[in-house]
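Contents: one structure, followed by commentary.
The values are calculated or read from the model by the stated rules, or taken from the named source; none is laboratory data. Every value quoted in this text rests on a predicted model; they were computed, and no experiment measured them. Cβ sites come from the backbone with ideal geometry, for glycine too, and all protein chains shown count toward neighbours. Ligands, DNA and RNA are stripped out before the accessible areas are found, and what is left, the full protein with its side chains, is counted by its heavy atoms. Shrake-Rupley method; radii C 1.70, N 1.55, O 1.52, S 1.80 Å.
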Amino acid sequence: MLKIIISCSIGLIHLASVHGFALLSEVKRASSLMMPRSLASKDLPDYGNTSVDVDKHRLEKKEKWRRKDLFGKSLLDQTLTELESDEEFQRTLERTNEIGVAGMTKEERIQRRRALDSLGIPSFNKFLAKKLNSNGKFARKNPQVLQINIGLYCNQACGHCHVESSPLRKEMMTSETAAQCLTLLKSTPSITILDITGGAPELNDNFRFLVKMARAFRPDIEIIDRCNLTVLHEPGQEDLVDFLKENKVRVVASLPCYSAENVDSQRGNSVFDRSISALLALNEAGYGSELPLDLVYNPLGAFLPPPQAKLEEKYKEVLDENFGILFNSLFTITNMPIKRFADFLHRRDELKDYMDLLVRNFNSDTTSQLMCLNTVSIGHDGKVFDCDFNQQLGLGIGSTKIHEGGLTVFDLNSLEDLMSYDIKNDNHCFGCTAGMGSS
């Protein structure tokens with residue numbers, strides 16, 4: 001038995017032959033492994049440039065997601081084209097033109113009531129009274145949040161939108177109404193948060209006026225911009241990030257998933273790419289680190305959101321790893337069975353099952369944190385509501401009929417004038433009390 005022994009500085013390699021023949025290929029391989037380092041690096045121009053501080057090595061995120069070429073390019077034409085070919089949207093539009101917004105609201109309310117009747121569920125107030133052993137009413141608190149919906153116009157038309165915003169909606173708040181909202185803000189010191197929403201609120205001419213004036217006479221107030229992210233790319237909004245940063249506006253942005261497929265199916269083609277680009281632009285301006293940047297998740301279909309803490313952890317992991325995006329908090333909200341999402345449920349014959357899901361998952365703990373308790377919601381027309389959802393259903397404070405009557409901002413000297421009015425509840429309120437709620 002022949003043994004070939006190769007000696008080297010790092011030890012001994014023993015190679016055995018079979019029937020007296022050496023395994024020459026193994027010898028050659030071993031020899032190449034033992035090649036002096038000086039020979040291995042000869043004529044290799046980049047060899048040796050890598051730092052030995054391997055603990056500081058980081059993977060750089062792909063620059064393709066920071067789409068600076070998108071800024072100044074509108075999403076409107078694409079959204080309108082998609083709406084033209086969306087049969088479900090067109091059917092809803094035809095029905096709205098036929099019976100009006102109030103008629104549509106009444107129709108969907110009847111559908112929810114029929115679903116609950118078939119399940120043997122009483123009205124929300126009666127259900128609440130039994131569950132909480134109370135009178136079934138919520139006690140209004142001093143107003144702390146002023147939420148202003150300054151218009152329904154939007155560059156997107158999301159499938160879950162409870163305000164049915166789109167480029168076709170032209171309802172916008174006037175400067176007179178915006179000025180009166182500021183007057184009420186100034187005369188109500190208990191307000192600590194100004195929450196501006198839409199539509200795409202930034203596309204209203206009064207958005208920057210509201211922000212600048214509120215910041216001027218209430219430096220301590222928290223101002224929130226409910227942002228769809230893609231609005232940052234719209235023509236005329238190229239300086240929006242700088243404006244938000246200058247006025248220390250907290251950005252609460254919609255991102256219903258961290259995958260392109262799910263986001264685009266709910267919000268429109270290419271919305272995911274634009275959203276990622278916008279988030280990176282916000283990060284570059286200090287959002288997510290120096291300034292607060294929060295994301296909002298809502299389910300794709302007729303199911304409850306996952307646990308918020310676990311989903312936030314997953315969002316942060318995926319968005320950081322794939323895109324280098326940082327944000328502060330993730331809020332999960334339950335889809336409300338109203339407007340566009342109610343249409344979605346009705347067409348799929350899922351409304352009854354969804355109402356059953358909400359009722360089965362009633363959480364009494366949510367009832368102390370509902371938005372209607374300390375929020376005043378103002379519509380684009382100046383009408384006053386207990387919450388954003390009541391606003392879309394025409395359940396105004398002081399009104400007796402849907403979408404008729406009720407108080408406006410011009411009837412009030414202070415938002416504290418509302419303390420004597422009862423909070424309005426209806427069967428859609430099961431959405432805010434299910435799971436972890438939708439407030």
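Quick look at the values:
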read-out	value
Tally, over region 214-272, of residues that are aromatic (Phe, Trp, Tyr) and either surrounded by 21 or more Cβ atoms within 10 Å (Cβ to Cβ) or outside any helix (DSSP H, G or I) (or both)	2
Residue 374 being open to solvent by less than 50 Å² (accessible area, probe 1.4 Å), in contact with a Pro (Cβ under 9 Å, 6 or more places away or on another chain) and at pLDDT below 95	no
Test: residue 311 is open to solvent by 10 Å² or more (accessible area, probe 1.4 Å), assigned to a helix (DSSP H, G or I) and in contact with a strand residue (DSSP E or B) (Cβ under 9 Å, 6 or more places away or on another chain)	yes
Tally of residues being out of contact with any Ser or Thr (no Cβ under 8 Å at 6 or more places or on another chain) and either aliphatic (A, V, I, L, M) or part of a helix (DSSP H, G or I) (or both) across region 203-213	7
Residue that is nearest to residue 92 (Cα to Cα) [pool: residues in region 314-352 that are touching a strand residue (DSSP E or B) at 6+ places or on another chain (Cβ under 6 Å), of a type in the set (A, V, I, L, M, F, W, C) and touching a residue at least 40 places away in the same chain (Cβ under 8 Å)]	331
Counted residues, region 92-123 - those being among the acidic types (Asp, Glu) and within 30 Å of the chain's Cα centre (by Cα)	3
Filtered residues of region 283-295 (kept if in contact with a Lys or Arg (Cβ under 9 Å, 6 or more places away or on another chain) and either open to solvent by less than 20 Å² (accessible area, probe 1.4 Å) or not in a loop (DSSP other than H, G, I, E, B) (or both))	284, 285, 286, 287, 291, 293, 294
Sole residue being among the acidic types (Asp, Glu), open to solvent by 30 Å² or more (accessible area, probe 1.4 Å) and assigned to a helix (DSSP H, G or I), chosen from 349, 320	320
Failed criterion for residue 298 (all others in (1) at pLDDT below 95; (2) among the polar types (S, T, N, Q); (3) touching a strand residue (DSSP E or B) at 6+ places or on another chain (Cβ under 9 Å); (4) surrounded by fewer than 16 Cβ atoms within 10 Å (Cβ to Cβ) hold)	(4)
Filtered residues of region 138-160 (kept if farther than 30 Å from residue 416 by Cβ and either touching an Asp or Glu at 6+ places or on another chain (Cβ under 6 Å) or crowded, with 24+ Cβ neighbours inside 10 Å (or both))	154, 155, 156
Flag if residue 422 is among the acidic types (Asp, Glu), touching a residue at least 12 places away in the same chain (Cβ under 8 Å) and open to solvent by 10 Å² or more (accessible area, probe 1.4 Å)	yes
Test: residue in region 345-358 that is within 24 Å of residue 294 (Cα to Cα), touching a helix residue (DSSP H, G or I) at 6+ places or on another chain (Cβ under 8 Å) and of a type outside the set (Asp, Glu)	no
Filter result for residue 326 (touching a Cys at 6+ places or on another chain (Cβ under 9 Å), open to solvent by 40 Å² or more (accessible area, probe 1.4 Å) and outside any helix (DSSP H, G or I))	no
